[in-house]
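What follows is a short report on a single structure.
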């Protein structure tokens, strides 16, 4: 729920296009993610680049550190998560490994980020294949890509 005393304009990310919000280099804005964990991000538009016709957009062109695991419990939960992973004697070490597997907070995989962007924002079209015979009861689905 929005804070009624907060004078900033609040927009629903699912109904807002970023180019409608930030149009000039130097524009700053706050992005809040996962209201349960309450992640706040202060963002600054540093540059507007000309699109390359051979490139899919959106795409990430740089960054640092690994993305946080979903539902880690906000900044306090993330600190506890990292402490538990780093210390094999920590009482939650095995549980955290079982939950998410190994995690390197310093890793930054540009290609992986761009692949995730494409999968989330440009999902492959689903196609149906007619059954091989009239007695078949189902269709086969696969991702076209």
Out of curiosity, is residue 74 surrounded by 12 or more Cβ atoms within 10 Å (Cβ to Cβ), at pLDDT below 90 and on the phi > 0 side of the Ramachandran plot? yes
So is residue 59 surrounded by 10 or more Cβ atoms within 10 Å (Cβ to Cβ), assigned to a loop (DSSP other than H, G, I, E, B) and modelled with pLDDT of 80 or more or not? yes
Considering the range 79-108, residues that are free of Cβ contacts under 8 Å to residues at least 24 places away in the same chain and assigned to a loop (DSSP other than H, G, I, E, B), and then whichever is surrounded by the fewest Cβ atoms within 10 Å (Cβ to Cβ), we arrive at 89
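For every residue, the table says whether it meets (1) more than 22 Å from residue 116 (Cβ to Cβ); (2) in contact with a helix residue (DSSP H, G or I) (Cβ under 8 Å, 6 or more places away or on another chain).
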site	(1), (2)
13	no, no
53	yes, no
63	no, yes
69	no, yes
78	no, no
81	no, yes
88	yes, no
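The values are calculated or read from the model by the stated rules, or taken from the named source; none is laboratory data. In this text the structure is predicted, and so the values were computed from the model without any measurement. All Cβ positions, glycine included, derive from the backbone under ideal geometry; neighbour counts span all protein chains shown.
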